[in-house]
Amino acid sequence: MSNSNKHRASAQLSSGADAAATKKPDGRLLRTERSRQLIIEALHELVNEGVLVPTAQNVADRAGVGIRTVFRHFADMETLFATMDVQLRQGYEGLFLGGDRDGTLEERILHATERRAAAYEKHSCLMRSTRGQMWRSPVLQKHYARNQRGLRKDLLDWLPEIDSLNVARREAVDAIASFETWDRLRSQQGLSVKASVEVVCEMLRLAFCINSENTA
């Protein structure tokens, strides 16, 4: 084989090796990403269990890593909470979408309330945790405000009659359908899901001036 052919063959082998090396996953990067994800999942598990403001040590213990590892991946707990929120956003926002949006105003009030109730119940701990920490987290304040704007827009899609109400009643409808109202009914007043749905629907009917006696 001539020298030029040898050089060409060598270059081809080198190029193939480089391509293979590029395609082969970097074990260290995979371990780093796995460790990072374990920390996020640990935080989510703790919050869902009712530990609404877990410490870095709580998270480290649950994830099975050292506390230094937590802060190697995340600058502080606010960053960790914000990262978890971004990962979960599509899932919990999707719970509010869809549903049967046809029918009379009374029927749509019921369907919208039931849809929200299911979403609130599934993510109640996450929402309580977020609200409990917003005072010290501009990032969580921003995320929560964005979510509230989305919910308000979605409620208008369910109930376009909102636009015909005066300002006070529009704000009342938004408050009645909020997580804060739902959480009070469930946590403070001790009502069941069914009873809470009935209360929210009744308040919404009053806001729209619907005679509840005709809906019984």
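Nothing in this text is a laboratory measurement; each read-out follows from the coordinates by a stated rule. Quick caveat, the model's predicted, so the values are computed rather than measured. Positions of Cβ are backbone-derived with ideal geometry, glycine not excepted, and every protein chain shown enters the neighbour counts.
Data overview
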{"quantity": "Rg/Rg_globular for segment 25-74, with Rg_globular taken as 2.2 N^0.38 Å and Rg from C-alpha atoms", "calculated": "1.15"}
{"quantity": "Radius, Kirkwood style, for segment 88-200 when every pair of distinct Cα atoms is counted (Å)", "calculated": "14.8"}
{"quantity": "GNM result for the chain, Cα springs below 10 Å: residue of Ala168, Ala42, Ala117 fluctuating most strongly", "calculated": "Ala168"}
{"quantity": "Hull volume in cubic angstrom per residue (convex hull over the Cα atoms of segment 126-190)", "calculated": "105"}
{"quantity": "Highest-fluctuation residue, Val200, Val139, Val70 considered, GNM on the chain with Cα pairs under 10 Å", "calculated": "Val139"}
{"quantity": "Karplus-derived HN-Hα couplings along segment 51-58 (A = 6.51, B = -1.76, C = 1.60, θ = phi - 60°), whole Hz, x at Gly and Pro", "calculated": "7, 6, 10, x, 7, 4, 5, 4"}
{"quantity": "Simple Cβ-charge dipole of the chain, Lys/Arg +1 and Asp/Glu -1, about Cα centre, in debye nearest 20", "calculated": "1360"}
{"quantity": "As computed over the chain, the Cα convex hull volume per residue (Å³)", "calculated": "201"}
